[in-house]
């Protein structure tokens with residue numbers, strides 16, 4: 001990644017930073033470093049994720065060799081995500097997502 005791209009990437013992250021998100025990021029960072037040193041995974045209360053990845057379906061026509069969907073190795077049934085659930089999750093987590 002070029003120097004200019006790194007600057008723009010950092011600016012994009014900082015431009016959406018709010019006090020709530022900053023405190024959350026600090027708590028996540030401290031939690032991660034403490035767990036790494038102690039070998040004991042710990043999650044402080046009231047810490048939320050900073051990013052969200054939603055897969056709208058578990059059914060896929062591609063047969064990618066490293067994908068659980070492509071290998072048909074899911075333990076849950078294939079199907080579509082309920083759009084209302086996804087909207088609710090996004091609305092609930094939006095204050096913490098960067």
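Rounded to the nearest 0.05, what FRET efficiency do residue 97 and residue 76 give with R0 = 22 Å and r taken as the Cβ-Cβ distance? Could you check? Write out the running numbers ahead of the final one.
Numbers: r = 25 Å, r/R0 = 1.13.
Efficiency at R0 = 22 Å is approximately 0.30.
Potential lengthening of the chain between residue 34 and residue 18 amounts to 3.3 nm, from the contour at 0.36 nm per residue minus the alpha-carbon distance. Ranked by the mean number of other Cβ atoms within 10 Å of their residues, highest first, the peptides 60-70, 21-31, 86-96 come out as 21-31, 86-96, 60-70. The residue 55 and residue 27 beta-carbon pair, evaluated with R₀ = 30 Å, returns a calculated FRET efficiency of approximately 0.65.
Taking every C-alpha pair closer than 8 Å and separated by at least 6 residues, the mean separation divided by the residue count of the range 48-98 gives a relative contact order of 48 percent.
Using only the alpha carbon atoms of the range 48-98, find the Kirkwood hydrodynamic radius as the inverse mean reciprocal pair distance, in angstroms to one decimal. Intermediate results must be reported in sequence, preceding the final value.
Working: mean 1/r = 0.0792 Å⁻¹.
Averaging 1/r across every pair of different Cα atoms and inverting gives 12.6 Å.
Please label the shape of the chain as rounded, prolate or oblate, based on the square roots a ≥ b ≥ c of the eigenvalues of the alpha-carbon gyration tensor (a/c under 1.5 means rounded; beyond that, a/b larger than b/c means prolate, else oblate). Please list the in-between numbers first.
Details: a/c = 1.65, a/b = 1.51, b/c = 1.09.
Prolate is the answer for the chain, as a/c is 1.5 or above and a/b outweighs b/c.
Helical runs (DSSP H, four residues minimum) scored at -39500 (n - 2.57) apiece and divided by the length of the chain put the mean residue ellipticity at 222 nm at -15000 deg cm²/dmol.
All of the numbers you see were taken from the coordinates with simple rules; none came from a lab. Source: prediction; values computed, not measured. Note that we place each Cβ from the backbone using ideal geometry, even for glycine, and neighbour counts take in every protein chain shown.
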